[in-house]
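For reference, the structure discussed in these notes is given below.
The values are calculated or read from the model by the stated rules, or taken from the named source; none is laboratory data. Treat the numbers as computed from the prediction; the structure is a model and nothing was measured. FYI the Cβ positions are ideal-geometry reconstructions off the backbone, even for glycines, and counts take in every protein chain you see.
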Amino acid sequence: MEKRYYGRWLREVNERWEIKLPHTFKMSKVILKEGRQGLEIHPLNSEEIVEEEAPFVFLTKIRHRKIQIPCILRQSKSFWLGRKVMIAGKGNYLEIWPWR
């Protein structure tokens, strides 16, 4: 059975573009991709990477419960209001929303 993630966590992206994940998100690698609401963080085993999506999907390692946002995703709508963001649990993945 797949782990489910629910809740909201207020976070701030640091100067190295790292963001701390919720303590319930226990993975060593994740998939980052741009979704309709903002960036999505998927556990590596939660979905297959569709070949058409491959250039826009990033495999990222988790170090000390932090992930680093790749350069190309730093212009995402998740960061339009600044580096303060809300991480929202959406069941089997997380979303990063802009926050003021």
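Out of all the residues in region 77-89, which are touching a Gly at 6+ places or on another chain (Cβ under 6 Å) and not basic (Lys, Arg)? Don't jump to the end; show me each part of the working.
Step one: of region 77-89, the residues touching a Gly at 6+ places or on another chain (Cβ under 6 Å) are 77-78, 89.
Within region 77-89, 78, 89 meet the criteria.
Being touching a Lys or Arg at 6+ places or on another chain (Cβ under 6 Å), at pLDDT below 90 and surrounded by 15 or more Cβ atoms within 10 Å (Cβ to Cβ) is the requirement here; does residue 57 meet it?
Details: touching a Lys or Arg at 6+ places or on another chain (Cβ under 6 Å): yes; at pLDDT below 90: yes; surrounded by 15 or more Cβ atoms within 10 Å (Cβ to Cβ): yes.
Criteria met by residue 57.
Return the residues of region 30-54 that are within 14 Å of the chain's Cα centre (by Cα), within 18 Å of residue 71 (Cα to Cα) and either at pLDDT 90 or above or not in a loop (DSSP other than H, G, I, E, B) (or both); say none if nothing qualifies. Steps first, answer last, please.
Here is the first cut: in region 30-54, the residues within 14 Å of the chain's Cα centre (by Cα) are 30-44, 46.
Add one more test, that the residue is within 18 Å of residue 71 (Cα to Cα), and what stays is 30-35, 38-41.
Passing the criteria: 30, 31, 32, 33, 34, 39, 40, 41.
Identify all residues within region 62-100 that are basic (Lys, Arg) and under 12 Å from residue 42 (Cα atoms); write none if there are none. Give the steps one after another, and end with the answer.
The initial filter retains those residues of region 62-100 that are basic (Lys, Arg), namely 63, 65-66, 74, 77, 83-84, 90, 100.
Answer for region 62-100, where residues must be basic (Lys, Arg) and under 12 Å from residue 42 (Cα atoms): just 90.
Which one of these does residue 90 not meet: (1) assigned to a strand (DSSP E or B); (2) modelled with pLDDT under 90?
(2)
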